[in-house]
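The values are calculated or read from the model by the stated rules, or taken from the named source; none is laboratory data. Model, not experiment: these values are computed from the prediction. Cβ atoms come from the backbone with ideal geometry, glycine included; neighbour counts cover every protein chain shown.
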Amino acid sequence: MIGLSNVTKNQGGRTLYSNSSFQAQPGDRIGLVGPNGAGKTTIFRILTGEESVDNGQIIRPTALTLGYFSQDVGEMHGRSVLEETMAGVEDLAKLRARISEMEVQLGEPMDDDAMSSLLEEYGDAQATFEARGGYDLDVRAQEILSGLGFSIDDFQRSVEQFSGGWKMRIALARILLLKPDALLMDEPTNHLDLESIMWLEEWLMEFKGILIMTSHDRTFLNRVVNKIVEIAHGNITTYSGNYDFYEREREIRKEQLLASFRRQQEMLAKEEEFIAKFAARASHAAQVQSRVKKLDKIDRIEIPAEEKMVRFQFNKPPRSGDDVVKISTVGKVWDSTDGRSKKVFSGVTGLVRRLDKIALVGVNGAGKSTLLKIIAGQVEPSEGACSLGASLEVGYFSQHALEVLKPNWTILEQLQSVSPNASIGTLKTLLGAFLFSDDDVNKKISVLSGGEKSRVVLACILIRPVNFIILDEPTNHLDIRSREILMEALQDFEGTVIIVSHDRHFLSQITNRVFRIDHGEMQIYEGSFKEYLSSSMHDGKAH
């Protein structure tokens, strides 16, 4: 078992949780949810011993093996990918060495008591080593790395050759290989493509220990977790079910709380009216005092502050031509610094029609981002042609777009630079829809998180009268609430959209066609992403 009992934690002059508890048993797969800043990551830091609590008890048995995956992967150098992955299980390496040492000792003469003691230790060590998967460590390491998208050729490559996103995968592989009793995971799907996410889902559903994780991927949470622990308004609340169940149950509990609050307010009003009416009468003094004492003892029901939800009404975009993008036998070859060229794809052909909402999918490295850059005019194709239709106003979002934000500008100034003629009220309404309150709009870009910067860039795209939106991983760094806001905006958008994302719920709610790049060619599926995914799973493939 692991968890917190009647814990109070103060941080930065405010209370994150007060007299709050939750427990996790083997087999529990818990999703930690709550608004940014509520203290989800702090829960991990408390459970790992990195932070203390102000009051209460931390439940963490000393014999428990704990694995913690965070977004801070630390330094990686001097090892191959496989070596770095296996370096996370040093205790198993030590245990293997001890087993070998005991096997030698067992062949030497000793008295009965020493032999009995050594045999007992040897048996315990073997059982632990087997339970932790020590006998097939190399094989499991390779299986995990393959599941997370590494090729066999990658196993012996130096870790220095990989980007930050791929190093995150190596760090994740290290934790999974550890096979701990309790697994703490802070946003494990960041930097993973759809194939790796689906592999990780299957792995976690087979995991027998305790799992506690955060994720902004609604489908991932729904498929993996069997409990939700919500951290909000200074409280920790447990729900038995997946994320969809949590949303429904939370609304039911909120209605019940409001009903109880209204009943209590009616009762309090009557009691206070009686006290006010008869306070000056000696004949009612005993009754008045009795009711005053009763009111003092009542535990007052408090209604948590509502999270504001603002819907932005987008202006109808100008009408484009019926043919938005014509892609004719397009190919792309990248020239590398070592003089060798790398073919990304060739012969890619397709037609994007007005009002299409297209999911662009394919394995990692298939060339999805490259194709979006060609469509957006950021990159020239090596062969073939990509032509845009008439009367197009294009909005293009990429991770690179975050770099063009002006660090010294405020959020409001950044938005004004894109739409100088819009009123301050209009700009603030849009920023409110993207979760920036009145005070937030004056924050400098330099102090924003990655998710906040993404929301600013998306707001800058959507404030303009665009009729064709190109989105490359727009949901990266966005929490579930921010993703829902963007999803609803795109559902209502009366223009054309093409999206690369690994969020299945997001794509399923928006798209009506799927373009898939596979082995350098493009296949087109006429139907929603949800239908496409169902068809792919039925065929025994997940793309």
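Consider segment 52-74 and keep the residues that are under 23 Å from the mean Cα position of the chain (by Cα) and on the phi < 0 side of the Ramachandran plot. The one that is surrounded by the fewest Cβ atoms within 10 Å (Cβ to Cβ) is Asp72. When you scan segment 181-197, do you find a residue that is of a type outside the set (A, V, I, L, M, F, W, C) and farther than 21 Å from Val363 by Cα, even just one? Yes, that holds for at least one residue. Residues of segment 104-160 that are closer than 20 Å to Val81 by Cβ, among the small types (Gly, Ala, Ser) and loosely packed, with under 14 Cβ neighbours inside 10 Å: Ser151 alone. For segment 340-363, the condition of being of a type outside the set (Gly, Ala, Ser), more than 23 Å from Val457 (Cβ to Cβ), exposed (fewer than 13 other Cβ atoms within 10 Å of the Cβ) and free of Cβ contacts under 8 Å to residues at least 40 places away in the same chain holds for at least one residue. Please go through segment 488-523 and pick out each residue that is surrounded by fewer than 20 Cβ atoms within 10 Å (Cβ to Cβ) and part of a strand (DSSP E or B). Arg516, Asp518, Glu521, Gln523, listed by residue number. For segment 376-428, a residue qualifies if it is within 33 Å of the chain's Cα centre (by Cα), in a loop (DSSP other than H, G, I, E, B) and among the small types (Gly, Ala, Ser), and the qualifying residues are Ala376, Gly377, Ser398, Ser419. Within segment 401-419, is there a residue that is in contact (Cβ under 8 Å) with a residue 60 or more places away in the chain and out of contact with any Gly (no Cβ under 7 Å at 6 or more places or on another chain)? Within segment 401-419, not a single residue is in contact (Cβ under 8 Å) with a residue 60 or more places away in the chain and out of contact with any Gly (no Cβ under 7 Å at 6 or more places or on another chain). Within segment 515-543, residues that are under 17 Å from Thr219 (Cα atoms) and among the polar types (S, T, N, Q) have Cβ atoms under 6 Å from residues that are surrounded by 19 or more Cβ atoms within 10 Å (Cβ to Cβ) and at pLDDT below 85 in these pairs: Ser536/His543, counting only partners at least 6 apart in sequence or on another chain.
Restricting attention to segment 93-108, the residues being free of Cβ contacts under 8 Å to residues at least 12 places away in the same chain and closer than 21 Å to Leu178 by Cα number 4. Scoring Pro180 on the criteria (1) at pLDDT below 90; (2) in contact with a helix residue (DSSP H, G or I) (Cβ under 6 Å, 6 or more places away or on another chain); (3) within 30 Å of Pro61 (Cβ to Cβ); (4) not polar (S, T, N, Q) leaves a single failure, condition (2). Filtering segment 183-204 to residues that are over 14 Å from the mean Cα position of the chain (by Cα) and crowded, with 23+ Cβ neighbours inside 10 Å leaves only Leu183.
The condition (being assigned to a loop (DSSP other than H, G, I, E, B), over 22 Å from Lys326 (Cβ atoms) and in contact with an Asp or Glu (Cβ under 9 Å, 6 or more places away or on another chain)) is satisfied by just one residue among Leu435, Leu431: Leu435. Looking across segment 399-414, the residues that are closer than 24 Å to Leu372 by Cα and aliphatic (A, V, I, L, M) come down to Ala401, Leu402, Val404, Leu405. Summed over segment 188-209, residues that are in a loop (DSSP other than H, G, I, E, B), within 18 Å of Leu145 (Cα to Cα) and at pLDDT 90 or above total 3.
The set of residues in segment 358-375 that are in a helix (DSSP H, G or I), of a type in the set (Val, Ile, Thr) and modelled with pLDDT of 95 or more comprises Ile374, Ile375.
Rundown of residues vs (1) farther than 29 Å from Ser423 by Cβ; (2) touching a helix residue (DSSP H, G or I) at 6+ places or on another chain (Cβ under 8 Å); (3) modelled with pLDDT under 95, yes/no style:
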position: Lys453; (1), (2), (3): no, yes, yes
position: Leu462; (1), (2), (3): no, yes, yes
position: Val466; (1), (2), (3): no, no, yes
position: Thr475; (1), (2), (3): yes, yes, yes
position: Arg481; (1), (2), (3): no, no, yes
position: Leu486; (1), (2), (3): no, yes, yes
position: Ile499; (1), (2), (3): yes, yes, no
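One residue alone among Ala401, Ala376 is crowded, with 17+ Cβ neighbours inside 10 Å, of a type in the set (Gly, Ala, Ser), touching a helix residue (DSSP H, G or I) at 6+ places or on another chain (Cβ under 6 Å) and closer than 22 Å to His477 by Cβ, and that residue is Ala401. So which residues in segment 1-19 are in contact with a strand residue (DSSP E or B) (Cβ under 6 Å, 6 or more places away or on another chain) and more than 24 Å from Gly67 (Cβ to Cβ), if there are any at all? If the condition is that a residue be in contact with a strand residue (DSSP E or B) (Cβ under 6 Å, 6 or more places away or on another chain) and more than 24 Å from Gly67 (Cβ to Cβ), then Asn6, Thr8, Ser18, Asn19 are the ones that fit.
Looking only at residues in segment 233-271 that are in a helix (DSSP H, G or I) and in contact with a helix residue (DSSP H, G or I) (Cβ under 8 Å, 6 or more places away or on another chain), the one that is farthest from Thr15 (Cα to Cα) is Glu271. In segment 121-158, the qualifying residues are those that are closer than 21 Å to Ser196 by Cα and of a type in the set (Lys, Arg), and the one that is farthest from the chain's Cα centre (by Cα) is Arg157. Would segment 424-434 turn up any residue that is among the polar types (S, T, N, Q) and farther than 24 Å from Leu372 by Cα? Among the residues of segment 424-434, at least one is among the polar types (S, T, N, Q) and farther than 24 Å from Leu372 by Cα, which makes the answer yes.
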